[in-house]
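See structure below.
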Amino acid sequence: ICWAVVKDRFLVTGGARLEGSVKVSGAKNSVLKLMAAALLAEGTTTLTNCPEILDVPLMAEVLRGLGCEVSVDHETVRITTPATVSSDADFDAVRQFRASVCVLGPLTSRTGRAVVALPGGDAIGSRPLDMHQSGLEKLGATTYIRHGAVVAEATKLVGAEIELDFPSVGATENILTAAVLAEGRTVLENAAREPEIVDLCVMLRQMGAQLTGEGSPTIVIDGVDKLYPTQHEVIGDRIVAGTWAYAAAMTRGDITVSGIAPRHLHLPLEMLKFAGAQISSYENGFRVNMPHRPKAVDYQTLPFPGFPTDLQPMAIGISAIAEGTSVITENIFEARFRFVDEMMRLGADATVDGHHVVLRGVEQLSSTPVWSSDIRAGAGLVLAGLCADGETEVHDVYHIDRGYPNFVENLQQLGAKIERVSGPADPAPR
Ligand code: UD1
């Protein structure tokens with residue numbers, strides 16, 4: 001990330017009612033895992049509907065470092081995997097973003113050894129890899145952390161019964177991508193059920209993997225000797241779609257979102273109905289129309305099909321301006337309430353108590369400079385700025401750029417007053 005990009009900020013002027021249509025592109029949390037899964041088969045795998053966000057070229061760099069040829073052409077990514085891939089993913093591109101840990105499973109099963117650099121601290125809380133490691137160990141690998149990298153070694157992987165303590169998305173993915181090439185049957189219990197896991201399983205099956213049960217807590221995988229390259233369309237980004245849904249409700253607007261299966265957002269849309277929004281669902285999208293001030297609703301984040309932690313900042317945003325008091329409970333990431341401090345500086349009436357936050361809704365927020373701490377918190381602050389009087393400066397927007405393609409352009413098209421400004425006018429960087 002170059003410094004010029006880091007210095008970009010958004011100027012958001014509140015007050016506009018957002019109206020119109022917006023199409024979401026492919027899911028960030030799917031495409032990176034699908035790109036890593038291309039390591040499992042020699043030849044050229046093509047992914048379409050890829051989002052144009054920074055993490056995609058970063059992941060391309062990671063795969064190039066492992067010996068693949070990768071081309072990124074707008075929404076199409078082509079990965080040519082050689083007969084022999086490197087085991088060593090201990091280089092700078094890997095350290096730059098946490099999702100690159102998803103090469104651990106494919107590298108272990110394909111090469112028998114994986115060395116994957118670990119990223120630095122995360123603004124949303126500690127993110128250990130114990131379940132990734134113990135899953136691979138059950139399949140016969142030895143794993144350890146050395147010199148800032150996680151190492152997995154296996155002369156042979158053999159299917160096993162694995163029960164996760166918690167349905168971790170990342171651990172489920174790494175176990176799946178290791179078990180598909182293991183000898184024999186793996187039964188994975190308490191697996192994550194997120195739509196992105198289903199997307200990965202669909203692609204693995206197209207590549208020749210034998211597996212059933214994705215989308216349920218039990219996935220059964222029968223290992224095969226070899227997988228083949230494929231062509232696959234990435235599913236729509238439910239978190240980006242959910243952000244637009246909450247933007248409509250918070251600005252008392254009317255937005256039609258396409259490119260997303262509404263069942264992937266069932267609970268967030270239900271919650272908006274409780275808040276008073278009118279929701280229509282279509283085959284490939286939905287419409288949110290909010291005729292009045294939202295009513296307060298309680299939220300708790302849970303693994304899918306529960307309310308996604310990645311939309312928790314939007315739940316806080318809508319509660320900050322709702323009529324009544326809401327309690328929001330975060331059950332997935334310990335430090336995700338850090339951004340509540342920024343919301344309070346925008347005038348939210350919030351009290352944090354452990355993993356709960358109580359919000360007493362106010363009529364209007366009041367603008368001030370704020371700082372994004374992660375992708376979703378950044379987007380949440382922009383939505384809050386749309387509900388504030390005056391002009392809110394949102395800093396550190398490189399976080400937002402990592403998850404939301406054309407965020408400013410999409411918002412402008414929906415009628416928001418927002419612009420991107422580059423340059424050094426940042427008051428005291430923090
Ligand atoms: C993925 C998503 C992220 C989303 C999260 C939960 C990507 C790139 N990121 O992250 O946007 O917020 O799912 O839906 O897909 N944990 C352990 N030990 C482990 C693994 C996880 O304790 O070995 C804990 C984590 O610290 C966290 C919880 O389990 O508290 C959930 O993590 P997990 O589901 O693994 O999230 P990620 O895959 O990292």
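Worth pointing out:
- Screening the candidates V340, V382, V394, V297 for the property of being within 18 Å of I418 (Cα to Cα) and outside any strand (DSSP E or B) yields one hit, V382.
- The set of residues in the stretch 138-196 being hydroxyl-bearing (S, T, Y), within 14 Å of the ligand (Cβ to nearest atom), assigned to a strand (DSSP E or B) and in contact (Cβ under 8 Å) with a residue 12 or more places away in the chain is empty.
- Of all residues in the stretch 333-353, those satisfying the criterion of being under 24 Å from the mean Cα position of the chain (by Cα) and open to solvent by 50 Å² or more (accessible area, probe 1.4 Å) are E334, R338, D341.
- Condition check for V72: hydrophobic (A, V, I, L, M, F, W, C), open to solvent by less than 10 Å² (accessible area, probe 1.4 Å) and more than 12 Å from the ligand (Cβ to nearest atom): no
- Within the stretch 217-235, the set of residues being open to solvent by 40 Å² or more (accessible area, probe 1.4 Å) and either assigned to a loop (DSSP other than H, G, I, E, B) or within 27 Å of G26 (Cα to Cα) (or both) comprises P217, T218, D225, K226, Y228, P229, Q231, E233.
- Subset tally (residues that are part of a strand (DSSP E or B) and either open to solvent by 10 Å² or more (accessible area, probe 1.4 Å) or more than 16 Å from Q206 (Cβ to Cβ) (or both)) for the stretch 34-69: 5
- For the stretch 242-284, taking the residues that are part of a strand (DSSP E or B) and free of Cβ contacts under 8 Å to residues at least 40 places away in the same chain, the one that is surrounded by the most Cβ atoms within 10 Å (Cβ to Cβ) is identified as I279.
- Picking from residues in the stretch 286-296 that are touching a strand residue (DSSP E or B) at 6+ places or on another chain (Cβ under 6 Å) and free of Cβ contacts under 8 Å to residues at least 40 places away in the same chain, the one that is surrounded by the most Cβ atoms within 10 Å (Cβ to Cβ) is R287.
- In the set (1) touching an Asp or Glu at 6+ places or on another chain (Cβ under 6 Å); (2) surrounded by fewer than 22 Cβ atoms within 10 Å (Cβ to Cβ), the condition left unmet by I239 is number (2).
The values are calculated or read from the model by the stated rules, or taken from the named source; none is laboratory data. Worth saying up front: this structure is predicted, and the values here are computed from it rather than measured. As a convention, Cβ positions derive from the backbone with ideal geometry for all residues, glycine included, and neighbour counts pool all protein chains shown. Note: areas computed on protein heavy atoms with side chains; ligands, DNA, RNA excluded. Shrake-Rupley method; radii C 1.70, N 1.55, O 1.52, S 1.80 Å.
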